[in-house]
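Asks: One structure coming up, written as structure tokens, with questions to follow.
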Amino acid sequence: MTILAAVDNDVETSAVVEVAVDLAEAYDDELVVLHVMPQKRFDSLHEAAQSPKSSSHFTSSSDSGLPYVESGRLSGEGYFVDDAMADAANVADSVVAATVDDRSNISVEGRVGTPTEEIVDAGQQLDARYIVVGGRKRSPTGKALFGSTTQSILLEADRPVVTVMSE
């Protein structure tokens, strides 16, 4: 079986990978670390790549400094879903590289779309034993106003979800 760790481009995702590594070792399972590029982010990169002003002005994602598009990668050829999936996988790979030394039983995957849907779908496709996600403590009002990917995964997943909480 597989353990699926879903990471965003946040510094605290290393705890998610650490817990997922422990689970994968305990069950002798493969670990897949997934990052989902939100559809809106892809759309903005795709649109910007179509603009004649775009060349190598793509830098980091807004939250963490982890790259979505490497500088100079776009040269007027456009930015497509395959590019975004590769860039999302690179984000997952960066989190793994910053977290663990032994990467022998770890693979990375990148997807584009709605994070909740893509994570739940990946869990089903991989027949994951567990889905490991990060979470933040929020007030009930904060959850109502801003939603929660973690909460949606907990409600929609058809397999156990391990939540690694941060402040």
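The values are calculated or read from the model by the stated rules, or taken from the named source; none is laboratory data. From a predicted model like this one, the values you see are computed outputs, not experimental measurements. Every residue, glycine among them, receives a Cβ derived from its backbone with ideal geometry; neighbour counts consider all protein chains shown.
Asks: Among the residues of the range 99-135, what is the count of those that are part of a strand (DSSP E or B) and either in contact (Cβ under 8 Å) with a residue 40 or more places away in the chain or in contact with a His (Cβ under 7 Å, 6 or more places away or on another chain) (or both)?
Replies: The number of residues fulfilling the criteria is 15.
Asks: Another question, then. Within the range 151-167, take every residue that is part of a helix (DSSP H, G or I) and modelled with pLDDT of 90 or more and give me the one that is surrounded by the most Cβ atoms within 10 Å (Cβ to Cβ).
Replies: Once the filter is applied, the top-ranked residue is Ile153.
Asks: Out of the range 8-48, which residues are assigned to a loop (DSSP other than H, G, I, E, B), at pLDDT 95 or above and closer than 20 Å to Asp121 by Cβ?
Replies: Once the filter is applied, which keeps residues that are assigned to a loop (DSSP other than H, G, I, E, B), at pLDDT 95 or above and closer than 20 Å to Asp121 by Cβ, the range 8-48 yields only Asp29.
Asks: Looking at the range 1-28 only, could you name the residues that are of a type in the set (Val, Ile, Thr) and out of contact with any His (no Cβ under 6 Å at 6 or more places or on another chain)?
Replies: Thr2, Ile3, Val11, Thr13, Val16, Val17, Val19, Val21
Asks: Continuing with this model, one more query. Where residues in the range 118-137 are more than 12 Å from the chain's Cα centre (by Cα) and of a type in the set (Gly, Ala, Ser), which of them is nearest to Val164 (Cα to Cα)?
Replies: Ranking the qualifying residues of the range 118-137, first place goes to Gly135.
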